[in-house]
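Sharing a structure, written as C-alpha coordinates. Questions coming.
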Amino acid sequence: MTDPTASFPNEQYFEGLRTIDAGAIQNLYTAFRRPIIRAVEAAGGSRADGSTFFRVALIHASTLARDGQPDTSIAVFPWLQTLAICHFRDWATEKNLELPAPPPLSEAETACLMAVPSTEARLECRQRIRAKKQFSRLESGCRKTIQAWAQDAALGISDAQQRNTTTATCLEKYRKSLGEPADAWPNLAPAWAVTALTDTHFQQALAAVDAVEGRLSMGQSSGERRESKVTRNVMMALILLVAAYGIWDFFSVSTSPKAVYAENFKPPTSIMADRADRFARDTSPMTRVETCEQLFETADETYQRQDYRETAAVLYTMIGSDMEDCNSEALYYLAIVGLQLNEPELTVQCLAKIPDLDRFGEDLYWYQALAFVKIAEQNPARRDIARRAVERARSNTEVPERRSQAAKMLEQLAR
(Lines give C-alpha, C1' and ligand atoms only; values in the text may rest on other atoms or scores of the structure.)
Protein backbone atom coordinates (compact mmCIF):
# COMPACT_ATOMS: atom_id res chain seq x y z
CA MET A 1 0.00 0.00 0.00
CA THR A 2 1.38 3.42 -0.95
CA ASP A 3 0.94 5.88 1.90
CA PRO A 4 -0.35 9.25 0.62
CA THR A 5 1.36 12.37 1.88
CA ALA A 6 0.27 12.82 5.50
CA SER A 7 0.39 16.13 7.30
CA PHE A 8 0.88 14.69 10.79
CA PRO A 9 2.77 11.81 12.43
CA ASN A 10 0.90 8.63 13.37
CA GLU A 11 0.68 9.54 17.04
CA GLN A 12 -1.05 12.82 16.24
CA TYR A 13 -3.59 11.12 13.98
CA PHE A 14 -4.40 8.55 16.66
CA GLU A 15 -4.72 11.29 19.25
CA GLY A 16 -7.05 13.19 16.90
CA LEU A 17 -9.17 10.07 16.48
CA ARG A 18 -9.20 9.47 20.22
CA THR A 19 -10.30 13.00 21.06
CA ILE A 20 -12.43 13.42 17.90
CA ASP A 21 -10.52 16.55 16.99
CA ALA A 22 -12.31 18.31 14.12
CA GLY A 23 -9.06 19.37 12.45
CA ALA A 24 -7.64 15.85 12.57
CA ILE A 25 -10.85 14.33 11.18
CA GLN A 26 -10.83 16.85 8.33
CA ASN A 27 -7.17 16.11 7.60
CA LEU A 28 -7.85 12.37 7.52
CA TYR A 29 -10.52 13.05 4.93
CA THR A 30 -8.23 15.27 2.89
CA ALA A 31 -5.26 12.91 2.97
CA PHE A 32 -6.82 9.46 2.83
CA ARG A 33 -10.42 9.48 1.61
CA ARG A 34 -9.79 9.32 -2.15
CA PRO A 35 -7.12 6.59 -2.10
CA ILE A 36 -9.20 4.47 0.27
CA ILE A 37 -12.26 4.85 -1.97
CA ARG A 38 -10.11 3.65 -4.88
CA ALA A 39 -8.89 0.71 -2.79
CA VAL A 40 -12.46 -0.37 -2.03
CA GLU A 41 -13.28 -0.07 -5.73
CA ALA A 42 -10.29 -2.29 -6.52
CA ALA A 43 -11.66 -4.79 -3.99
CA GLY A 44 -14.87 -5.05 -6.03
CA GLY A 45 -16.97 -2.20 -4.68
CA SER A 46 -18.45 0.91 -6.25
CA ARG A 47 -17.37 4.47 -5.58
CA ALA A 48 -20.39 4.85 -3.28
CA ASP A 49 -19.26 1.72 -1.40
CA GLY A 50 -15.82 3.24 -1.00
CA SER A 51 -17.26 6.46 0.41
CA THR A 52 -19.56 4.57 2.79
CA PHE A 53 -16.92 2.24 4.19
CA PHE A 54 -14.34 4.98 4.54
CA ARG A 55 -16.84 6.67 6.87
CA VAL A 56 -17.50 3.42 8.72
CA ALA A 57 -13.78 2.78 9.11
CA LEU A 58 -13.17 6.28 10.44
CA ILE A 59 -15.93 5.99 13.05
CA HIS A 60 -14.66 2.54 14.07
CA ALA A 61 -11.08 3.83 14.19
CA SER A 62 -12.10 6.59 16.59
CA THR A 63 -13.64 4.08 18.99
CA LEU A 64 -10.59 1.83 18.74
CA ALA A 65 -8.25 4.77 19.38
CA ARG A 66 -10.22 5.65 22.50
CA ASP A 67 -9.69 2.08 23.70
CA GLY A 68 -5.95 2.26 23.01
CA GLN A 69 -5.97 0.24 19.79
CA PRO A 70 -3.92 -0.38 17.74
CA ASP A 71 -0.33 0.32 18.69
CA THR A 72 0.41 3.86 17.49
CA SER A 73 3.54 2.62 15.73
CA ILE A 74 1.37 1.14 12.97
CA ALA A 75 0.94 3.37 9.91
CA VAL A 76 -2.47 5.03 9.99
CA PHE A 77 -3.21 5.01 6.26
CA PRO A 78 -2.72 1.28 5.46
CA TRP A 79 -4.44 0.33 8.71
CA LEU A 80 -7.44 2.55 7.99
CA GLN A 81 -7.55 1.29 4.40
CA THR A 82 -7.46 -2.34 5.55
CA LEU A 83 -10.24 -1.63 8.05
CA ALA A 84 -12.42 -0.06 5.32
CA ILE A 85 -11.86 -2.99 2.95
CA CYS A 86 -12.65 -5.50 5.70
CA HIS A 87 -15.90 -3.72 6.48
CA PHE A 88 -16.77 -3.68 2.78
CA ARG A 89 -16.03 -7.41 2.37
CA ASP A 90 -18.11 -8.22 5.45
CA TRP A 91 -21.04 -6.30 4.03
CA ALA A 92 -20.65 -7.87 0.57
CA THR A 93 -20.62 -11.32 2.15
CA GLU A 94 -23.83 -10.51 4.04
CA LYS A 95 -25.41 -9.49 0.71
CA ASN A 96 -24.11 -12.62 -1.07
CA LEU A 97 -22.19 -10.50 -3.57
CA GLU A 98 -19.41 -12.05 -5.61
CA LEU A 99 -16.05 -10.38 -5.13
CA PRO A 100 -12.66 -10.88 -6.78
CA ALA A 101 -10.17 -12.92 -4.79
CA PRO A 102 -7.99 -10.67 -2.64
CA PRO A 103 -4.39 -10.33 -3.83
CA PRO A 104 -1.52 -11.80 -1.79
CA LEU A 105 -0.63 -9.60 1.16
CA SER A 106 2.76 -8.07 1.80
CA GLU A 107 4.34 -8.29 5.24
CA ALA A 108 3.21 -4.74 6.06
CA GLU A 109 -0.33 -5.45 4.85
CA THR A 110 -0.44 -8.62 6.96
CA ALA A 111 0.56 -6.59 10.01
CA CYS A 112 -2.28 -4.14 9.31
CA LEU A 113 -4.77 -6.98 8.90
CA MET A 114 -3.71 -8.45 12.24
CA ALA A 115 -4.35 -5.04 13.86
CA VAL A 116 -7.93 -4.94 12.53
CA PRO A 117 -10.70 -6.06 14.94
CA SER A 118 -12.54 -9.33 14.45
CA THR A 119 -15.45 -9.89 12.07
CA GLU A 120 -17.82 -9.84 15.05
CA ALA A 121 -16.46 -6.52 16.30
CA ARG A 122 -16.75 -4.99 12.85
CA LEU A 123 -20.35 -6.15 12.55
CA GLU A 124 -21.19 -4.60 15.91
CA CYS A 125 -19.73 -1.27 14.76
CA ARG A 126 -21.92 -1.26 11.65
CA GLN A 127 -24.94 -2.20 13.74
CA ARG A 128 -24.29 0.74 16.07
CA ILE A 129 -24.13 3.17 13.17
CA ARG A 130 -27.36 1.80 11.73
CA ALA A 131 -29.05 1.90 15.15
CA LYS A 132 -28.17 5.56 15.68
CA LYS A 133 -29.30 6.57 12.18
CA GLN A 134 -32.65 4.81 12.51
CA PHE A 135 -33.17 6.22 16.01
CA SER A 136 -32.99 9.78 14.62
CA ARG A 137 -35.88 8.94 12.27
CA LEU A 138 -38.33 7.96 15.00
CA GLU A 139 -40.93 10.41 16.26
CA SER A 140 -39.94 12.56 19.23
CA GLY A 141 -42.05 10.70 21.81
CA CYS A 142 -40.57 7.32 20.95
CA ARG A 143 -37.05 8.72 20.89
CA LYS A 144 -37.45 9.93 24.48
CA THR A 145 -38.95 6.62 25.57
CA ILE A 146 -36.25 4.54 23.89
CA GLN A 147 -33.45 6.79 25.17
CA ALA A 148 -34.66 6.25 28.74
CA TRP A 149 -34.94 2.51 28.08
CA ALA A 150 -31.40 2.41 26.70
CA GLN A 151 -29.99 4.21 29.74
CA ASP A 152 -31.69 1.69 32.02
CA ALA A 153 -30.54 -1.20 29.84
CA ALA A 154 -26.95 0.06 30.02
CA LEU A 155 -27.21 -0.31 33.80
CA GLY A 156 -28.83 -3.74 33.48
CA ILE A 157 -32.12 -2.68 35.07
CA SER A 158 -34.47 -3.01 32.10
CA ASP A 159 -36.08 -6.25 30.99
CA ALA A 160 -39.14 -7.40 29.07
CA GLN A 161 -41.28 -7.69 32.22
CA GLN A 162 -40.62 -4.04 33.16
CA ARG A 163 -41.65 -2.59 29.81
CA ASN A 164 -44.93 -0.71 29.80
CA THR A 165 -47.17 -0.53 26.75
CA THR A 166 -45.61 2.70 25.44
CA THR A 167 -42.07 1.37 25.77
CA ALA A 168 -42.98 -1.94 24.16
CA THR A 169 -44.71 -0.18 21.23
CA CYS A 170 -41.80 2.14 20.63
CA LEU A 171 -39.24 -0.66 20.86
CA GLU A 172 -41.25 -2.64 18.35
CA LYS A 173 -41.21 0.30 15.93
CA TYR A 174 -37.49 0.68 16.47
CA ARG A 175 -36.84 -3.02 15.92
CA LYS A 176 -38.83 -3.02 12.70
CA SER A 177 -37.06 0.10 11.43
CA LEU A 178 -33.78 -1.78 11.88
CA GLY A 179 -35.11 -4.82 10.04
CA GLU A 180 -34.31 -7.04 13.01
CA PRO A 181 -36.27 -10.29 13.61
CA ALA A 182 -38.39 -10.40 16.76
CA ASP A 183 -36.17 -13.01 18.42
CA ALA A 184 -33.11 -10.77 17.94
CA TRP A 185 -34.10 -8.61 20.95
CA PRO A 186 -33.52 -10.48 24.20
CA ASN A 187 -34.71 -9.29 27.61
CA LEU A 188 -32.00 -6.64 28.00
CA ALA A 189 -31.83 -5.73 24.30
CA PRO A 190 -28.86 -6.09 21.92
CA ALA A 191 -25.69 -4.52 23.30
CA TRP A 192 -25.02 -2.69 20.04
CA ALA A 193 -28.38 -0.90 20.17
CA VAL A 194 -27.83 0.18 23.77
CA THR A 195 -24.29 1.34 23.04
CA ALA A 196 -25.42 3.34 20.02
CA LEU A 197 -27.72 5.41 22.24
CA THR A 198 -25.57 5.71 25.37
CA ASP A 199 -21.93 5.87 24.21
CA THR A 200 -21.16 9.59 24.02
CA HIS A 201 -17.79 9.09 22.29
CA PHE A 202 -19.36 6.99 19.54
CA GLN A 203 -22.11 9.56 19.00
CA GLN A 204 -19.59 12.42 18.81
CA ALA A 205 -17.48 10.50 16.29
CA LEU A 206 -20.54 9.82 14.15
CA ALA A 207 -21.57 13.48 14.28
CA ALA A 208 -18.04 14.69 13.41
CA VAL A 209 -17.87 12.42 10.36
CA ASP A 210 -21.38 13.40 9.28
CA ALA A 211 -20.41 17.07 9.54
CA VAL A 212 -17.48 16.59 7.14
CA GLU A 213 -19.64 14.51 4.82
CA GLY A 214 -22.21 17.28 4.81
CA ARG A 215 -19.61 19.85 3.81
CA LEU A 216 -18.51 17.56 0.98
CA SER A 217 -22.12 17.19 -0.12
CA MET A 218 -22.60 20.95 -0.06
CA GLY A 219 -19.67 21.33 -2.43
CA GLN A 220 -21.26 19.07 -5.05
CA SER A 221 -23.76 19.99 -7.73
CA SER A 222 -27.29 19.65 -6.46
CA GLY A 223 -28.83 19.18 -9.89
CA GLU A 224 -31.51 21.17 -11.62
CA ARG A 225 -33.71 23.45 -9.57
CA ARG A 226 -36.66 25.67 -10.19
CA GLU A 227 -35.59 29.15 -11.15
CA SER A 228 -36.97 32.24 -9.43
CA LYS A 229 -36.20 35.92 -9.39
CA VAL A 230 -34.79 35.62 -5.89
CA THR A 231 -32.56 32.71 -6.95
CA ARG A 232 -31.06 34.76 -9.76
CA ASN A 233 -30.61 37.78 -7.49
CA VAL A 234 -28.85 35.73 -4.82
CA MET A 235 -26.54 34.09 -7.32
CA MET A 236 -25.70 37.47 -8.85
CA ALA A 237 -25.04 38.77 -5.35
CA LEU A 238 -22.67 35.91 -4.64
CA ILE A 239 -20.82 36.48 -7.90
CA LEU A 240 -20.40 40.17 -7.12
CA LEU A 241 -19.35 39.47 -3.57
CA VAL A 242 -16.79 36.87 -4.55
CA ALA A 243 -15.43 39.20 -7.24
CA ALA A 244 -14.88 41.78 -4.52
CA TYR A 245 -12.62 39.48 -2.48
CA GLY A 246 -9.49 41.09 -3.86
CA ILE A 247 -10.63 44.69 -3.31
CA TRP A 248 -9.57 45.99 0.07
CA ASP A 249 -8.44 49.38 1.26
CA PHE A 250 -5.63 48.53 3.65
CA PHE A 251 -5.41 52.13 4.84
CA SER A 252 -8.94 52.29 6.25
CA VAL A 253 -9.44 51.96 9.97
CA SER A 254 -12.76 50.47 11.03
CA THR A 255 -14.52 48.71 13.85
CA SER A 256 -13.42 45.08 14.25
CA PRO A 257 -15.62 42.69 12.22
CA LYS A 258 -15.54 40.45 15.30
CA ALA A 259 -17.25 43.16 17.36
CA VAL A 260 -19.75 43.89 14.58
CA TYR A 261 -20.59 40.19 14.25
CA ALA A 262 -20.93 39.64 18.00
CA GLU A 263 -23.28 42.61 18.30
CA ASN A 264 -25.56 41.57 15.44
CA PHE A 265 -25.67 37.76 15.33
CA LYS A 266 -28.86 36.93 17.23
CA PRO A 267 -29.82 33.40 16.18
CA PRO A 268 -33.21 31.89 17.07
CA THR A 269 -33.31 30.14 20.43
CA SER A 270 -35.44 27.33 19.01
CA ILE A 271 -35.76 25.92 15.50
CA MET A 272 -39.35 24.81 16.02
CA ALA A 273 -40.39 28.16 17.53
CA ASP A 274 -38.72 30.03 14.69
CA ARG A 275 -40.47 27.82 12.11
CA ALA A 276 -43.83 28.43 13.78
CA ASP A 277 -43.23 32.17 13.68
CA ARG A 278 -42.28 32.09 9.99
CA PHE A 279 -45.29 29.92 9.11
CA ALA A 280 -47.57 32.40 10.86
CA ARG A 281 -46.19 35.19 8.65
CA ASP A 282 -46.13 33.16 5.41
CA THR A 283 -49.04 34.02 3.09
CA SER A 284 -48.38 31.10 0.71
CA PRO A 285 -49.62 27.60 1.61
CA MET A 286 -47.14 25.32 3.34
CA THR A 287 -47.46 21.55 3.43
CA ARG A 288 -46.30 19.88 6.63
CA VAL A 289 -44.61 16.51 6.07
CA GLU A 290 -44.59 14.21 9.09
CA THR A 291 -41.09 12.85 8.47
CA CYS A 292 -39.70 16.38 8.18
CA GLU A 293 -41.53 17.50 11.31
CA GLN A 294 -40.09 14.63 13.33
CA LEU A 295 -36.55 15.34 12.17
CA PHE A 296 -36.91 19.07 12.86
CA GLU A 297 -38.04 18.22 16.39
CA THR A 298 -34.92 16.09 16.82
CA ALA A 299 -32.73 18.87 15.45
CA ASP A 300 -34.39 21.38 17.77
CA GLU A 301 -33.70 19.23 20.83
CA THR A 302 -29.97 19.17 20.11
CA TYR A 303 -29.99 22.82 19.01
CA GLN A 304 -31.45 23.96 22.31
CA ARG A 305 -28.77 21.92 24.11
CA GLN A 306 -26.23 23.84 21.97
CA ASP A 307 -25.00 20.53 20.56
CA TYR A 308 -24.63 22.12 17.15
CA ARG A 309 -22.64 19.32 15.53
CA GLU A 310 -25.38 16.84 16.34
CA THR A 311 -27.94 19.36 15.04
CA ALA A 312 -25.97 19.62 11.80
CA ALA A 313 -25.83 15.83 11.54
CA VAL A 314 -29.64 15.61 11.79
CA LEU A 315 -30.18 18.44 9.29
CA TYR A 316 -27.77 16.82 6.82
CA THR A 317 -30.04 13.74 6.72
CA MET A 318 -32.82 16.00 5.38
CA ILE A 319 -30.89 17.21 2.34
CA GLY A 320 -31.17 15.34 -0.93
CA SER A 321 -33.62 14.10 -3.52
CA ASP A 322 -35.07 11.47 -1.16
CA MET A 323 -36.34 14.19 1.21
CA GLU A 324 -37.09 16.99 -1.22
CA ASP A 325 -39.89 18.43 0.93
CA CYS A 326 -37.38 19.11 3.73
CA ASN A 327 -34.55 20.56 1.63
CA SER A 328 -35.14 24.30 1.78
CA GLU A 329 -35.78 24.53 5.50
CA ALA A 330 -33.00 22.09 6.35
CA LEU A 331 -30.52 24.16 4.33
CA TYR A 332 -31.75 27.38 5.93
CA TYR A 333 -31.29 26.13 9.50
CA LEU A 334 -28.04 24.42 8.58
CA ALA A 335 -26.85 27.85 7.41
CA ILE A 336 -27.61 29.25 10.88
CA VAL A 337 -25.91 26.28 12.55
CA GLY A 338 -22.89 26.92 10.32
CA LEU A 339 -22.50 30.29 12.03
CA GLN A 340 -22.87 28.65 15.44
CA LEU A 341 -20.02 26.30 14.47
CA ASN A 342 -17.85 29.20 13.22
CA GLU A 343 -18.05 27.84 9.67
CA PRO A 344 -19.37 30.82 7.67
CA GLU A 345 -18.37 29.27 4.34
CA LEU A 346 -20.86 26.48 5.07
CA THR A 347 -23.51 29.15 5.70
CA VAL A 348 -22.86 30.79 2.32
CA GLN A 349 -22.96 27.43 0.54
CA CYS A 350 -26.23 26.41 2.20
CA LEU A 351 -27.99 29.68 1.40
CA ALA A 352 -26.86 29.49 -2.23
CA LYS A 353 -28.29 25.97 -2.56
CA ILE A 354 -31.79 26.60 -1.18
CA PRO A 355 -34.17 25.59 -4.00
CA ASP A 356 -37.16 27.53 -2.62
CA LEU A 357 -35.65 30.91 -1.77
CA ASP A 358 -38.86 32.94 -1.92
CA ARG A 359 -40.03 31.57 1.43
CA PHE A 360 -37.07 33.06 3.29
CA GLY A 361 -36.98 36.54 1.78
CA GLU A 362 -34.79 39.04 3.51
CA ASP A 363 -33.66 36.57 6.20
CA LEU A 364 -31.54 34.94 3.54
CA TYR A 365 -29.73 38.20 2.77
CA TRP A 366 -29.32 38.93 6.47
CA TYR A 367 -27.60 35.63 7.35
CA GLN A 368 -25.56 35.85 4.16
CA ALA A 369 -24.31 39.27 5.31
CA LEU A 370 -23.47 37.94 8.78
CA ALA A 371 -21.56 35.04 7.22
CA PHE A 372 -19.39 37.45 5.24
CA VAL A 373 -18.82 39.58 8.35
CA LYS A 374 -17.67 36.38 10.08
CA ILE A 375 -15.37 35.64 7.14
CA ALA A 376 -13.94 39.15 7.48
CA GLU A 377 -13.35 38.47 11.17
CA GLN A 378 -11.28 35.43 10.22
CA ASN A 379 -9.55 37.19 7.31
CA PRO A 380 -9.41 41.01 7.56
CA ALA A 381 -8.57 41.26 3.84
CA ARG A 382 -12.21 40.39 3.16
CA ARG A 383 -13.73 43.33 5.01
CA ASP A 384 -14.90 44.96 1.79
CA ILE A 385 -16.93 41.92 0.77
CA ALA A 386 -18.58 42.04 4.21
CA ARG A 387 -19.58 45.66 3.66
CA ARG A 388 -21.07 44.81 0.26
CA ALA A 389 -23.03 41.93 1.75
CA VAL A 390 -24.40 44.14 4.54
CA GLU A 391 -25.36 46.81 2.01
CA ARG A 392 -27.28 44.21 0.00
CA ALA A 393 -29.06 43.04 3.15
CA ARG A 394 -29.97 46.65 4.00
CA SER A 395 -31.36 47.34 0.53
CA ASN A 396 -33.45 44.14 0.57
CA THR A 397 -35.19 44.57 3.91
CA GLU A 398 -38.46 46.34 4.60
CA VAL A 399 -38.11 46.05 8.39
CA PRO A 400 -37.14 49.48 9.79
CA GLU A 401 -35.23 48.00 12.74
CA ARG A 402 -33.15 45.78 10.49
CA ARG A 403 -32.44 48.64 8.05
CA SER A 404 -31.20 50.72 10.98
CA GLN A 405 -29.13 47.80 12.24
CA ALA A 406 -27.55 47.26 8.80
CA ALA A 407 -26.82 50.98 8.43
CA LYS A 408 -25.00 50.95 11.76
CA MET A 409 -23.01 47.88 10.68
CA LEU A 410 -21.98 49.65 7.48
CA GLU A 411 -20.88 52.68 9.43
CA GLN A 412 -18.83 50.53 11.80
CA LEU A 413 -17.19 48.55 8.98
CA ALA A 414 -16.37 51.66 6.95
CA ARG A 415 -14.66 53.75 9.63
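Pairs Lys173/Lys266; Lys132/Lys258; Lys132/Lys266; Lys95/Lys176; Lys132/Lys374; Lys95/Lys133: which are spaced more than 28 Å apart, C-alpha to C-alpha? Intermediate results must be reported in sequence, preceding the final value.
Working: Lys173/Lys266 39 Å; Lys132/Lys258 37 Å; Lys132/Lys266 31 Å; Lys95/Lys176 19 Å; Lys132/Lys374 33 Å; Lys95/Lys133 20 Å.
Listed pairs above 28 Å: Lys173/Lys266; Lys132/Lys258; Lys132/Lys266; Lys132/Lys374.
Stokes-Einstein D for the range 287-415 at 25 °C, 0.890 mPa s, Kirkwood Rh over Cα pairs, in µm²/s?
Diffusion coefficient, whole number: 159 µm²/s.
Could you tell me what fraction of 2.2 N^0.38 Å the Cα radius of gyration of the range 60-109 comes to, as a two-decimal ratio?
1.34
Further question on the same structure: Per 10 Å bin, what percent of the C-alpha pairs of the range 361-415 does each bin hold, from zero upward?
Taking all Cα pairs of the range 361-415, the binned fractions are 29, 56, 15, 0 percent.
Here's another thing I want to ask about it. Which whole-number percent of Cα pairs in the range 50-151 have a distance greater than 17 Å?
That fraction is 59 percent.
Quote the charge dipole size of the range 46-169 about the Cα centre in Debye, to the nearest 20; the model charges only the Cβ of Lys and Arg (+1) and of Asp and Glu (-1). Write out the running numbers ahead of the final one.
Details: 15 positive and 13 negative charges, 142 e Å.
Value, rounded to 20: 680 debye.
For the range 268-350, which whole percent of the accessible surface, found with a 1.4 angstrom probe, sits on carbon and sulfur atoms?
Its accessible area is 44 percent carbon and sulfur atoms.
Something else: Which order do you get for Glu301, Glu398, Glu310 if you rank them by accessible area with a 1.4 Å probe, largest at the top?
Glu398, Glu301, Glu310
If you place +1 on the Cβ of every Lys and Arg and -1 on the Cβ of every Asp and Glu, how big does the dipole about the Cα centre of the range 361-411 come out, in debye to the nearest 20?
Numbers: 10 positive and 8 negative charges, 39 e Å.
So the dipole magnitude of the range 361-411 works out to roughly 180 debye.
Which cross-chain or sequence-distant (5 or more) residues have an amide H under 5 Å from the amide H of Gln69, H modelled 1.01 Å from N in plane?
Hits under the 5 Å cutoff: none.
Still on this structure: For the range 332-384, what is Rg from Cα atoms divided by 2.2 N^0.38 Å, rounded to two decimals?
This ratio for the range 332-384 stands at 1.09.
Take Thr347, Thr317, Thr165 and sort them by solvent-accessible surface of the protein heavy atoms, 1.4 Å probe, largest at the top.
Thr165, Thr317, Thr347
Show me, for the range 38-48, the HN-Hα J-couplings you get by feeding each phi into the Karplus relation (A = 6.51, B = -1.76, C = 1.60, θ = phi - 60°), rounded to Hz, glycine and proline as x.
Values per residue, Gly and Pro as x: 5, 5, 5, 4, 5, 7, x, x, 8, 4, 4 Hz.
The values are calculated or read from the model by the stated rules, or taken from the named source; none is laboratory data. Remember, it's a predicted structure, so these values are computed and weren't measured experimentally. Cβ: placed from backbone, ideal geometry, glycine included. Neighbour counts: every protein chain shown. Accessible surface areas use protein heavy atoms only, side chains included; no ligands, DNA or RNA. Shrake-Rupley method; radii C 1.70, N 1.55, O 1.52, S 1.80 Å.
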